[in-house]
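Reviewing the structure listed below.
The values are calculated or read from the model by the stated rules, or taken from the named source; none is laboratory data. Just so it is clear, the model here is predicted, and its values are computed rather than measured. Counting neighbours? That spans all protein chains shown, and the Cβs are built from the backbone with ideal geometry, glycine included. In case anyone asks, the SASA skips ligands and DNA or RNA and just uses the protein heavy atoms, side chains included. Shrake-Rupley method; radii C 1.70, N 1.55, O 1.52, S 1.80 Å.
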Amino acid sequence: MNQRIYSRIIGTGGYLPEKVVTNFDLEKIVETSDAWIRERTGIEERRIAADDQTTCDLAEKASIEALKMAAINSQELDLIIVATTTPDKTFPSTACLLQTRLGNRCAPAFDIQAVCTGFVYALSVADQFIQTGMAKKVLVVGAETLSRITNWEDRNTCVLFGDGAGAVILEASTKPGILSTHIHADGQYEELLHVPSGVSKRPLTDDIAERTMSMKGNEVFKVAVNTLSSIASETLEANGMVKEDLDWLVPHQANMRIIMATAKKLKLRDDQTVITVNKHANTSSASVPMALNEAIRDGRIQRGQTLLLEAFGGGFTWGSALIKY
Ligand code: UT7
């Protein structure tokens, strides 16, 4: 029988823009308070890209860190995938722009758009390429400048989001790595969380509400909590595992209350859940890889441990990955 090929994480990286915007800063521009934001979301501050910084700039910095940790050079990559909802250009893809920046010349490169679930989708696609032998070393990035599609006059959304990038290098290996990925979508929820206009929708509009994120937060919240709990069960069952087999939850960082509800269902202690939402806010596709990178670099996540990554976002889309690190 052929030996199974796994996707093993050999490097991670992350990048946050320098500019910090605190809840107190936001109190000055919309009717809100630090107390409300902390209590309802767990967010204390977020990072915002400089005017001349793009998603690709953030992705490049995170990718360089990941390449360094993996101790490989960019020419060795044979696939580059960027998950983003905020690309630099309509085309070429941010992945193509990133490929040139990194000095890679012929690896296939493409973007994936699944909003907050984008990184998990990208990881799932990369894992299929590795398992089928189509790729051996893959760069998977989640990068966003959500501040560009934020309505800074809408308190329902502007307090929730931030900018950043996270990157992972996967390598084909006979040692365990990604055990399984699970991705889903249900487009009927389109209008609960969306940016109403895009490049093909006419008439073109200058209306800020059409060009920025709109969310029915409490309705999204309810579906997110239920869906994340069911995808955690689906993932464990698919691998013949139980809750107690998990060492870490590396969740999408949208809201501390959503994260804690998932952790509680999984009977995980607080110190088994990676939290960055307090400092990063919701960075959409960048949130899971940045959280993973932090916990690997500070030594919390150790080789041999079992990690559950999960995310939920616009679409709705949702997904998970079970990983032996
Ligand atoms: O990453 C993609 C997935 N996204 C998510 O998972 C986000 C899911 N949703 C959430 O995280 C939460 O629903 C929010 C944090 C967005 C909102 O929290 P909530 O506890 O669901 O509050 P709510 O939307 O039910 O609003 C409660 C009140 C409302 O006032 P009234 O109608 O009760 O008078 C809002 O107008 O809070 C008000 N409110 C605010 N007050 C102060 C809404 N935003 C703010 C704000 N500051 N920034």
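Restricting to segment 133-162, what's the tally of residues that are in a loop (DSSP other than H, G, I, E, B), among the aliphatic types (A, V, I, L, M) and closer than 16 Å to Ala254 by Cβ?
Within segment 133-162, residues that are in a loop (DSSP other than H, G, I, E, B), among the aliphatic types (A, V, I, L, M) and closer than 16 Å to Ala254 by Cβ number 2.
Conditions tested, residue by residue: (1) within 24 Å of Thr212 (Cβ to Cβ); (2) part of a strand (DSSP E or B); (3) open to solvent by 50 Å² or more (accessible area, probe 1.4 Å); (4) not assigned by TED's automatic domain parsing to the domain that holds Val115.
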| site | (1), (2), (3), (4) |
| --- | --- |
| Thr32 | yes, no, no, no |
| Glu39 | no, no, yes, no |
| Val82 | yes, yes, no, no |
| Arg101 | no, no, yes, no |
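Go through segment 133-162 and give me each residue that's closer than 22 Å to Leu97 by Cβ, within 16 Å of the ligand (Cβ to nearest atom) and either open to solvent by 10 Å² or more (accessible area, probe 1.4 Å) or without any contact (Cβ under 8 Å) to a residue 60 or more places away in the chain (or both).
Those that are closer than 22 Å to Leu97 by Cβ, within 16 Å of the ligand (Cβ to nearest atom) and either open to solvent by 10 Å² or more (accessible area, probe 1.4 Å) or without any contact (Cβ under 8 Å) to a residue 60 or more places away in the chain (or both): Ser147, Ile149.
Regarding segment 125-132, can at least one residue be identified that is on the phi > 0 side of the Ramachandran plot, assigned to a loop (DSSP other than H, G, I, E, B) and either crowded, with 19+ Cβ neighbours inside 10 Å or not assigned by TED's automatic domain parsing to the domain that holds Glu190 (or both)?
No, that holds for no residue.
Per-residue answers, yes or no, for (1) part of a helix (DSSP H, G or I); (2) in contact with a strand residue (DSSP E or B) (Cβ under 8 Å, 6 or more places away or on another chain); (3) at positive phi:
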{"residue": "Arg257", "(1), (2), (3)": "yes, no, no"}
{"residue": "Lys267", "(1), (2), (3)": "no, no, yes"}
{"residue": "Pro289", "(1), (2), (3)": "yes, yes, no"}
{"residue": "Leu292", "(1), (2), (3)": "yes, yes, no"}
{"residue": "Ala295", "(1), (2), (3)": "yes, yes, no"}
{"residue": "Leu309", "(1), (2), (3)": "no, yes, no"}
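Just checking, which of Ala172, Ala232, Ala165 is buried (at least 18 other Cβ atoms within 10 Å of the Cβ), outside any loop (DSSP other than H, G, I, E, B), among the aliphatic types (A, V, I, L, M) and within 16 Å of the ligand (Cβ to nearest atom)?
Ala232
List the pairs whose first member sits in segment 207-226 and is more than 8 Å from the ligand (Cβ to nearest atom), whose second member is in a helix (DSSP H, G or I) and open to solvent by 40 Å² or more (accessible area, probe 1.4 Å), and whose Cβ atoms are under 7 Å apart, counting only residues at least 6 apart or on separate chains?
These pairs meet every condition: Val223/Tyr189.
Every residue in segment 53-80 that is of a type in the set (Gly, Ala, Ser) and buried (at least 18 other Cβ atoms within 10 Å of the Cβ), please.
Ala59, Ala62, Ser63, Ala66, Ala70, Ser74 - these are the residues of segment 53-80 that are of a type in the set (Gly, Ala, Ser) and buried (at least 18 other Cβ atoms within 10 Å of the Cβ).
Consider Leu67 carefully, then state whether it is touching a Ser or Thr at 6+ places or on another chain (Cβ under 8 Å), more than 16 Å from the ligand (Cβ to nearest atom) and closer than 30 Å to Gly304 by Cβ.
yes
State yes or no: is Lys222 open to solvent by 40 Å² or more (accessible area, probe 1.4 Å), more than 30 Å from Trp152 (Cβ to Cβ) and charged (D, E, K, R)?
Judged against the criteria, Lys222 is not a match.
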